[in-house]
Structure formats: structure tokens, C-alpha cells
């Protein structure tokens with residue numbers, strides 16, 4: 001299966017990850033647009049070193065910024081998406097939001113979490 005076929009095969013899961021991530025961002029007080037849409041990723045197929053089966057890997061980078069996002073859909077259908085936020089957390093004074101992570105296997109059961117850091121001195 002080629003990369004485009006893998007993207008289409010996992011389209012429902014990928015779209016669900018973006019919806020869950022954006023909903024979580026909005027509930028947490030962030031701009032939903034901080035999470036790129038599926039069509040903004042560059043995808044490639046890789047081989048899982050353990051199973052030898054294909055995995056789908058996506059990358060996104062915001063031009064002129066340090067913000068990045070990566071995602072992988074493993075051969076077993078499990079997804080992990082991590083997107084840098086790198087900003088002050090609107091609901092937690094003195095804390096920074098490092099990234100949002102979205103993970104799971106079933107589109108209707110995905111989980112999301114914003115990772116926090118202590119505010120950096122001198123920033």
C-alpha cells in the first residue's frame with residue numbers, strides 16, 4: 001500500500017484526532033487553530049522495525065517558528081499525535097503549555113492532554 005492509500009485508510013482516525021485535539025484546546029482556553037489539519041501534514045510510510053509492517057508518519061512545521069507536530073499511526077492502528085504549543089497556559093498562571101498529545105486506536109475513544117511546564121525564568 002502506498003502512502004496516499006495509507007492516509008485514506010486512516011482518514012477517519014486522523015480527522016477524529018484533529019477534532020478531539022481542537023475540542024480539548026478550546027476547553028482549555030487555547031485557540032483551536034494551534035493544531036494543524038490533516039491536510040497540512042507531510043506524510044511518509046515507514047516500516048515498523050519490530051513487525052516489518054508499514055506505519056504512517058506525518059510531520060508539520062510552522063514557517064518561521066519553532067512549533068512542530070508529528071504523528072504516527074502504527075501497523076496495529078494506534079495513533080499518537082504530538083503538537084508543540086509553546087505558550088503561556090491561559091488557565092494556569094505561571095505555567096507554560098509545552099504540547100498537546102492525542103492518542104488511541106478508535107476514533108470515538110481518543111484521548112487528549114496538554115503537557116505543562118513551569119514558567120521559564122527570564123522569558
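The values are calculated or read from the model by the stated rules, or taken from the named source; none is laboratory data. Just so it is clear, the model here is predicted, and its values are computed rather than measured. Positions of Cβ are generated from backbone atoms using ideal geometry, with glycine treated the same way; all protein chains shown enter the neighbour counts.
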Only one residue in 26, 93, 82 is surrounded by fewer than 19 Cβ atoms within 10 Å (Cβ to Cβ), out of contact with any strand residue (DSSP E or B) (no Cβ under 8 Å at 6 or more places or on another chain) and not in a helix (DSSP H, G or I). Which one?
93
Within the range 33-79, residues in a loop (DSSP other than H, G, I, E, B), touching a strand residue (DSSP E or B) at 6+ places or on another chain (Cβ under 9 Å) and farther than 20 Å from residue 97 by Cα come out as 41, 48, 53, 74, 75, 78
Given (1) within 15 Å of the chain's Cα centre (by Cα); (2) surrounded by fewer than 18 Cβ atoms within 10 Å (Cβ to Cβ); (3) modelled with pLDDT under 95, index of the condition residue 59 fails
(3)
Every residue from the range 45-89 that is more than 30 Å from residue 118 (Cβ to Cβ) and touching a helix residue (DSSP H, G or I) at 6+ places or on another chain (Cβ under 6 Å)
45, 56
